[in-house]
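The values are calculated or read from the model by the stated rules, or taken from the named source; none is laboratory data. Fair warning: this is a prediction, and the values are worked out from it, not measured in the lab. FYI the Cβ positions are ideal-geometry reconstructions off the backbone, even for glycines, and counts take in every protein chain you see.
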Amino acid sequence: MFHPDLALPVACSIAELRDRVSEWRRMNLRIGLVPTMGALHEGHLALVKQALESCDRVLASIFVNPAQFAPDEDFDAYPRTLESDTEKLTTAHAHLVYVPNHREMYPEGFVTTVSMAGPALGLESETRPHFFTGVATVISKLLIQVMPDLAVFGEKDYQQLMVIRQLARDLDLPVEVAAGRTVRETDGLALSSRNVYLSAEERTRAAKLNVILKEFADALHQGAPVAEAQAQARHQAEQTFDHVDYIVVRDAEMLNPLPSGPLKCEARVLAAIKLGKTRLIDNMAAPKA
Ligand code: PAF
């Protein structure tokens, strides 16, 4: 049943979702999907807005996907704010929120996973080896359940975006995967549901991630050799943050490491760092000179 007390219709099962989506299909409407784990912020709402620009109907899914969390990660603590998320989606003019239930997503006896190489290798997978299998599996399920014409993912999770593009290509999923621009606070910190974990002191330091990445990208654009610019960025990050998982430049599509000399292709600088217990990621384009 759709929840009558909420302004926005909520589908809580695959059957409810399909009822609604097939009605839209019969009307020949273009459908956009914004997959999320909830704890929505302006970054997510910008993705909804972007989907609305080319779609007649836009739905957001909210599912904190256990398969992409390791046992020592923040699955239990991950913020769950369904009521305010639904209000925000209503204000953003979404047409439906899909809140899959866990038993239907991962029923007893569920054994299928989607595992990937290519852009899924390295970076996030170094410290979170389970992550992209969890993401690729849940996104495959969501895309098959909804069959949207368009799905929008934030560029803040750049490796995830590249992984999902590859997934859609490899599995012939008939969906356009669009990139949503990273939304930032005025001091440059990329919006993230995990920013709420930062203490006031950590929040101040967190803004330096954007500055360091920008200087890194600028140095590369001005012709600095990859090896030198990368070492310099790592040094700065280590001075600033409590831990640096990676701060690297990679080719912009497959995320392969690059030769040590000046950039010869479109590239991306990417970083994952820790402030206290909070892990933050960010990235930006590093256009060749
Ligand atoms: O980026 C996220 O919020 C999640 O990884 C996603 C894409 C919704 C899959 O659970």
Exercise. Does region 170-178 include one or more residues that are surrounded by 17 or more Cβ atoms within 10 Å (Cβ to Cβ), modelled with pLDDT of 95 or more and within 22 Å of residue 42 (Cβ to Cβ)?
Worked result: yes
Exercise. Given the conditions (1) farther than 30 Å from residue 25 by Cα; (2) near the ligand (Cβ under 9 Å from one of its atoms), and given that residue 124 satisfies all but one, which numbered condition is not satisfied?
Worked result: (2)
Problem set entry | Lone qualifier among 183, 175, 135 - being touching a Gly at 6+ places or on another chain (Cβ under 8 Å), under 23 Å from residue 55 (Cβ atoms) and within 16 Å of the ligand (Cβ to nearest atom) | 183
Problem set entry | All positions within region 51-80 that are under 25 Å from residue 18 (Cα atoms) and surrounded by fewer than 20 Cβ atoms within 10 Å (Cβ to Cβ) | 52, 53, 54, 56, 63, 64, 66, 67, 80
For this session: Please indicate, with yes or no, whether at least one residue in region 38-58 is touching a Leu at 6+ places or on another chain (Cβ under 7 Å) and either modelled with pLDDT under 95 or among the basic types (Lys, Arg) (or both).
Result: yes
Exercise. Is it the case that residue 217 is in contact with a Pro (Cβ under 9 Å, 6 or more places away or on another chain), more than 26 Å from residue 18 (Cα to Cα) and either part of a loop (DSSP other than H, G, I, E, B) or among the polar types (S, T, N, Q) (or both)?
Worked result: no
